[in-house]
Amino acid sequence: MSLSLRLVLILGSALLLVYTFHKVKKAHVQITDTVFWIVVAVFLVLIAIFPQIVYFFSKLLQVQSPANLVFAFIIAILLVRSFLSSMRISQLSNRVNELSQEVALREKELRDQINRNQGK
Amino acid sequence: MEWLSPYLGEHEEFVFDYLVVNDGSFDNTRKICRDNGYRFLDLPINTGLTSGFRAGMKYAYSHGYDYVIQFDADGQHDPQYLLPMAQSALAEQADIVIGSRFVNAKKKLTMRMIGSNFLAAMINVTAHQKIADPTSGMRLYGRKLIERFAKDDEYSPEPDTVAFAIRQGAKVVEVPVTMAERFGGTSYLSAAKSAMYMMRMGLSILFFQWVRKA
């Protein structure tokens with residue numbers, strides 16, 4: 001891993017951390033949802049400072065360039081993360097749909113009740 | 001609505017009711033329904049076909065209806081077929097009756113018909129029944145399916161649910177109908193979306209059948 005890649009990792013992680021804290025402060029994101037990003041940022045800083053970790057695993061997995069292992073790893077994490085997000089969106093949209101159905105059914109009931117009372 | 005009303009009320013052994021579902025539409029649907037005192041469900045936001053239909057099914061389920069017919073409001077579906085569909089459901093003890101355009105008539109070879117044939121083949125492979133018109137939007141559902149729709153968000157008024165229902169032991173029959181070109185609105189299946197739709201349906205019919213809960 002070149003020195004410049006390590007510097008970019010550190011800089012990028014620092015920016016990610018600052019941005020995350022900023023968004024928490026403005027309440028744009030829930031604290032629970034930032035855990036992932038903070039862990040990722042800390043992890044990237046870690047491998048930038050101690051590239052030996054990456055060297056060890058690239059030897060183990062017979063990856064020629066340690067930088068490629070870093071990229072592959074980040075891509076894998078992002079894929080998992082994106083699948084989890086997609087799952088969450090599905091669940092949320094189901095709940096929104098259920099809520100609007102419920103609102104519609106209750107509004108209908110209310111309207112019927114009002115009509116019945118007026119009829120009397 | 002004036003078009004539909006002669007077919008409502010008592011007809012032979014059935015009493016027909018209607019329910020308009022306004023799925024968060026921004027056109028005049030809400031106002032028209034209110035002004036005329038129609039029976040309608042008013043969803044606060046647009047939630048899509050499946051969800052809008054499920055709202056109607058929840059209503060039908062809690063009010064104890066025996067059959068529900070999914071009926072498009074854009075003029076495609078002809079109310080004169082409501083009675084034959086209901087009669088067929090009763091006579092054949094069917095759980096789903098599809099208002100089919102192709103029981104007798106031949107399909108023309110258009111892109112849409114290729115898609116229709118594709119879905120029919122999928123259903124035939126997985127559920128072992130030939131459905132002439134799987135994409136018909138005019139379907140009758142019996143009490144058993146009304147309950148499933150009311151309780152399970154994976155039940156959509158789409159071909160994959162028909163295939164799934166057959167595999168679950170539902171009896172599906174088809175009744176010949178004719179359909180007009182819609183007089184209002186646009187199909188939610190635009191050209192670009194229909195490829196996605198076919199892929200979704202194909203995957204759902206072929207693979208996700210086995211992991212769906214009954």
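No lab work stands behind these numbers, since they all come straight from the coordinates. Owing to the predicted nature of the structure, the values given are computational and were not obtained by experimental measurement. With ideal geometry, Cβ positions are generated from the backbone for all residues, glycine too; neighbour counts draw on all protein chains shown.
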Next on the checklist: Between helix B:82-92 and chain B, what is the angle of the helix's C-alpha long axis to the longest principal axis, kept within 0 to 90° and rounded to the nearest 10?
Outcome noted: 50
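Counting alpha carbon pairs within less than 8 Å and at least 6 residues apart, what relative contact order, in whole percent, applies to chain B? Could you put the intermediate results ahead of the total?
Values: 297 pairs, mean separation 52.3, N = 214.
Here the relative contact order equals 24 percent.
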Checklist outcome for this item: For chain A, longest principal axis from Cα atoms; helix A:3-25 axis from its Cα atoms; angle between them, nearest 10 degrees, is 20
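Roughly how crowded by other chains is peptide A:76-85, in terms of the mean Cβ count from those chains within 10 Å of each of its Cβ atoms?
Rounded to a whole number, the mean comes out at 0.
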Checklist entry - How many nm is it between the label spots at B:LEU4 and B:GLN80, if each spot is 7 Å from the Cα in line with the beta carbon? => result 1.9
Item to check | Unit Cα scatterers, Debye sum, chain B: log10 I(q)/I(0) for q = 0.17 Å⁻¹ | outcome: -1.38
Checklist entry - Sorted by mean Cβ packing within 10 Å, highest first, what order do the peptides B:50-56, B:205-211, B:69-75, B:163-169 take? => result B:50-56, B:163-169, B:69-75, B:205-211
Checklist outcome for this item: Filtering trypsin sites (Lys or Arg not before Pro) in segment B:1-46 by DSSP loop and by at most 16 other Cβ atoms within 10 Å leaves B:ARG39
Checklist outcome for this item: Answer in debye to the nearest 20: the dipole magnitude of the protein assembly as shown about its Cα centre, from +1 Lys/Arg and -1 Asp/Glu charges placed on Cβ, is 1380
Item to check | Longest site-free stretch - chain B; sites: GluC sites (Glu not before Pro), DSSP loop, at most 12 other Cβ within 10 Å | outcome: B:14-180
Checklist outcome for this item: Tilt, helix A:66-119 to longest principal axis of chain A (alpha-carbon atoms), in degrees rounded to tens, equals 10
Checklist entry - To one decimal place, what Kirkwood hydrodynamic radius in Å is obtained for segment A:67-120 from all pairs of distinct Cα atoms? => result 14.8
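Please compute the contact order of segment B:10-118 in relative form: average sequence separation of alpha-carbon pairs under 8 Å and at least six residues apart, divided by the residue count, as a percent.
Details: 66 pairs, mean separation 19.6, N = 109.
Taking the mean separation of contacting Cα pairs over the length of segment B:10-118, I get 18 percent.
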Checklist outcome for this item: Going residue by residue through segment B:162-176, the Karplus relation 6.51 cos²θ - 1.76 cosθ + 1.60 with θ = phi - 60° gives ³J(HN,Hα) values, rounded to whole Hz and with x marking Gly or Pro, of 4, 4, 4, 4, 4, 5, 7, x, 6, 8, 10, 10, 10, 10, x
Checklist entry - B:MET138's amide H: which non-local residues (gap 5+, or another chain) put their own amide H closer than 5 Å, with H modeled 1.01 Å from N in plane and none for Pro or chain starts? => result B:GLY99
Checklist entry - For the pair B:LYS151 and B:ILE45, how long in nm is the line joining their label points, each one 7 Å along Cα→Cβ? => result 2.8
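Given the Cα-Cα distance of A:LEU7 and A:PHE71 and 0.36 nm per residue of separation, how much length would full extension add, in nm? Don't skip to the end; give the middle numbers.
Details: separation 64, 0.36 × 64 = 23.04 nm, distance 1.51 nm.
Result: 21.5 nm gained on full extension.
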Checklist entry - What is the spin-label model distance, in nm, from A:VAL42 to B:SER194 if the labels are put 7 Å beyond Cα along the C-beta direction? => result 5.4
Item to check | For B:GLU174, residues with placed amide H under 5 Å, excluding near neighbours | outcome: B:ILE98
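Roughly what % of DSSP beta bridges within the protein assembly as shown run antiparallel, to the nearest 5?
Numbers: 10 of 19 bridges.
Of those bridges, close to 55 percent are antiparallel.
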